[in-house]
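*Asks:* My questions will all concern the structure given below.
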Amino acid sequence: MDSGAGRYEFASDNTAAICPEAWAALEEANRNGAPSYGEDRWTARVCDRIRELFETDCDVYFVFNGTAANALSLAQLCQSFHSVICHEYSHIQTDECGAPEFFTKGTKLLLIGGSVGKIEIGQAEAIVARQTDLHSHKPRAISIAQATEFGTIYARDEIAAIGAFADAHNMFLHMDGARFANAVASLGCAPKTITWEVGVDVLCFGGTKNGTAAGELVIFFEKKLSHEFDYRVKQAGQLGSKMRFLAAPWLGLLTDDAWLRNAQHANRAARHLAGRLRNEAKIEIVFPVDANAVFVRMNEQLVGHLQSRGWQFYKFVEPDIYRLMCCWSTTDKAISDFIADIITINH
């Protein structure tokens with residue numbers, strides 16, 4: 001193929017187009033005028049649908065992107081002298097340009113490890129034990145990603161254990177759910193069973209990686225925590241005047257479970273890609289393929305040849321671990337083309 005064309009099928013689930021259901025809903029919302037700043041019927045229906053989906057009365061807010069969702073929700077939970085426990089590879093630590101610290105006006109991120117991207121409770125216990133007096137930041141929240149940055153999924157019992165830990169230490173549990181849909185699809189569970197039923201206080205529910213162009217949801221399961229969050233959203237420049245254009249695509253996703261089908265397709269594509277990489281291309285798969293990410297070990301020569309053929313993807317862990325992402329629109333042809341190129345290069 002033309003090496004200058006660029007193929008982004010596995011670079012990120014951010015590179016995918018808007019899915020048909022979201023696009024159709026957006027077109028429908030564009031036919032006439034509507035009230036602004038969230039007073040429209042699309043915004044109201046999405047909020048109602050979220051309450052139906054999670055089977056609880058919760059507060060729902062729209063922001064433009066995941067960084068805003070994470071940073072503003074943590075700012076709502078924490079003051080500047082507080083701290084947030086998170087995994088050392090969490091998105092809030094590695095990919096948000098200090099936004100959580102900026103919007104919280106100084107809340108410290110306390111980094112801990114844990115295998116395959118999941119936090120280790122023992123390490124969380126140890127780090128809390130060291131924050132003993134007012135000379136230290138006071139632990140106020142613990143943040144987990146579902147799915148994790150390594151594409152792994154927390155089981156219900158794992159989240160319940162973290163929720164119990166948070167409760168025992170008078171902390172809040174925040175969930176970065178940029179790929180929450182993929183987690184639900186992988187576990188085959190009701191959304192409530194891995195959120196508010198096991199102690200999650202706030203969920204950032206991602207739509208961008210699942211078929212929308214923009215727009216993430218911040219969901220407060222404890223409604224008292226959302227007091228004046230609308231002012232925080234406005235002050236941060238995250239209140240959309242034409243809110244219906246953020247809400248309508250979400251309504252497309254949430255109607256007839258398009259959000260779940262999109263995630264199921266992405267997860268299946270990742271498993272298919274991983275299987276062919278392992279069995280046909282003899283490529284090592286580094287982490288469990290729980291959701292829509294495949295982490296592989298490849299040498300620089302192979303990577304260079306693949307990139308010269310137009311394939312775009314990212315190194316994720318030094319020195320030689322790369323991430324391949326699948327999405328709602330990943331095709332068998334793209335997988336076959338990629339595998340064929342690897343086999344050709346290696347032979």
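The values are calculated or read from the model by the stated rules, or taken from the named source; none is laboratory data. Note that the structure is a prediction, hence the values are computed from the model and not measured. Glycine gets a Cβ as well: all are built from the backbone with ideal geometry, and neighbour counts include every protein chain shown. Side chains included, ligands, DNA and RNA excluded: accessible areas come from the protein's heavy atoms. Shrake-Rupley method; radii C 1.70, N 1.55, O 1.52, S 1.80 Å.
*Asks:* Could you list, in sequence order, all residues of the stretch 193-231 that are surrounded by fewer than 18 Cβ atoms within 10 Å (Cβ to Cβ) and closer than 15 Å to residue 63 by Cβ?
*Replies:* 213, 214, 230, 231
*Asks:* Starting from the stretch 270-286, keep only residues that are of a type in the set (Ser, Thr, Tyr), then list their pairs with residues that are open to solvent by 50 Å² or more (accessible area, probe 1.4 Å) and part of a helix (DSSP H, G or I) whose Cβ atoms are within a distance under 9 Å, requiring at least 6 positions of separation or different chains.
*Replies:* As it stands, the answer is none, since no pair meets every condition given.
*Asks:* Could you count how many residues in the stretch 13-43 are part of a loop (DSSP other than H, G, I, E, B) and farther than 21 Å from residue 180 by Cβ?
*Replies:* Looking only at that region, the number is 11.
Here is a yes/no grid of residues against (1) modelled with pLDDT of 95 or more; (2) at positive phi; (3) of a type in the set (A, V, I, L, M); (4) touching an Asp or Glu at 6+ places or on another chain (Cβ under 6 Å):
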| site | (1), (2), (3), (4) |
| --- | --- |
| 205 | yes, no, no, no |
| 210 | yes, no, no, no |
| 217 | yes, no, yes, no |
| 224 | yes, no, no, no |
| 228 | yes, yes, no, no |
| 245 | yes, no, no, no |
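*Asks:* Continuing with this model, one more query. Which is surrounded by fewer than 18 Cβ atoms within 10 Å (Cβ to Cβ) and at pLDDT 95 or above, of 330, 255?
*Replies:* Result of the check over 330, 255: 255.
*Asks:* If you check every pair at least six apart or on different chains, which have Cβ atoms under 9 Å apart with a residue in the stretch 144-173 that is without any contact (Cβ under 8 Å) to a residue 40 or more places away in the chain and closer than 18 Å to residue 187 by Cβ first and a residue that is part of a strand (DSSP E or B) and of a type in the set (Gly, Ala, Ser) second?
*Replies:* 173/141; 173/143
*Asks:* Name the pairs whose Cβ atoms lie under 8 Å apart, with the first residue in the stretch 100-123 and without any contact (Cβ under 8 Å) to a residue 12 or more places away in the chain, the second of a type in the set (Val, Ile, Thr), and 6 or more positions between them or separate chains?
*Replies:* 101/107; 120/112; 123/112
*Asks:* Suppose we filter the stretch 51-67 for residues that are in a helix (DSSP H, G or I) and open to solvent by 10 Å² or more (accessible area, probe 1.4 Å); how many remain?
*Replies:* Summing the residues that are in a helix (DSSP H, G or I) and open to solvent by 10 Å² or more (accessible area, probe 1.4 Å) in the stretch 51-67 gives 5.
*Asks:* May I ask you to list the residues in the stretch 75-101 that are within 20 Å of residue 166 (Cα to Cα) and either β-branched (Val, Ile, Thr) or in contact with a Pro (Cβ under 8 Å, 6 or more places away or on another chain) (or both)?
*Replies:* Answer for the stretch 75-101, where residues must be within 20 Å of residue 166 (Cα to Cα) and either β-branched (Val, Ile, Thr) or in contact with a Pro (Cβ under 8 Å, 6 or more places away or on another chain) (or both): 75, 82, 83, 84, 85, 92.
*Asks:* Quick test of your reading of the structure: residue 133 fulfils all but one of (1) modelled with pLDDT of 95 or more; (2) acidic (Asp, Glu); (3) more than 14 Å from residue 87 (Cα to Cα). Name the failing condition by number.
*Replies:* (1)
*Asks:* So, residue 78, is that one over 18 Å from the mean Cα position of the chain (by Cα) and modelled with pLDDT of 95 or more or not?
*Replies:* Here the answer is yes, as residue 78 does meet what is asked.
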